[in-house]
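To start, the structure under review is shown below, and the notes come after it.
The values are calculated or read from the model by the stated rules, or taken from the named source; none is laboratory data. Since the model is a prediction, treat every value here as computed from it, not as a measurement. Cβ placement follows ideal geometry from the backbone for every residue including glycine, while neighbour counts extend to all protein chains displayed. Accessible surface is based on the protein model in full, side chains and every heavy atom, while ligands, DNA and RNA are left aside. Shrake-Rupley method; radii C 1.70, N 1.55, O 1.52, S 1.80 Å.
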Amino acid sequence: MNRQQPQRQNDLAMWYNSIPVCTRFLFTSFIAITLAGNLGLVDIENLLYFPRDIFARFQIWRLYTPFFLFSFNVSGAIQLFFLYKYSVELETTRFAGRTADYVYFLLVEAGLIL
């Protein structure tokens, strides 16, 4: 009888899956948008906040992408670190078990910034 050993999950995947859901979404958005903009997969001008394009051309992603577009340097790494650290802290302490409240908090905060 040939028994298969359960495959051990990658440590990086285990860490990523252990991040709370909202923080994982913010973290992934930061990485994906920053990579897409800096590697030339998407023109950076299409990711910036221009109200005229939002309303005239209905490019609603411009409300979302400017929060996560950074460059590949120390400043971007520090921004990512603080986003991760404080989002995990908020989501696991003040908003523990209340994911919808945390999402509402993030939306109100983003609306006020815009």
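Assorted remarks:
- Nearest-0.05 FRET efficiency for residue 93 and residue 17, computed from C-beta distance (R0 25 Å): 0.80
- Shown for the chain is the translational diffusion coefficient from the Stokes-Einstein equation, using the Kirkwood radius over Cα pairs, a temperature of 10 °C and a viscosity of 1.306 mPa s: 97 µm²/s.
- Loop-located trypsin sites (Lys or Arg not before Pro) in region 9-83, at most 13 other Cβ atoms within 10 Å (DSSP): 57
- Summed over the residues of region 1-95 and divided among them, the accessible surface reaches 74 Å² per residue at a probe radius of 1.4 Å.
- Using R0 = 41 Å, the C-beta based FRET efficiency linking residue 61 and residue 9 works out to 0.80.
- Overall, the accessible surface of region 37-87 at a probe of 1.4 angstrom is composed of carbon and sulfur to the extent of 68 percent.
- 13 Å beta-carbon shell around residue 99, net charge (K/R +1, D/E -1): +1
- Computed per residue of the chain from DSSP H runs no shorter than four, each worth -39500 (n - 2.57), the mean residue ellipticity at 222 nm is -17500 deg cm²/dmol.
- Whole-number percent relative contact order across region 33-114, with pairs defined as alpha carbons under 8 Å at least 6 apart: 22 percent
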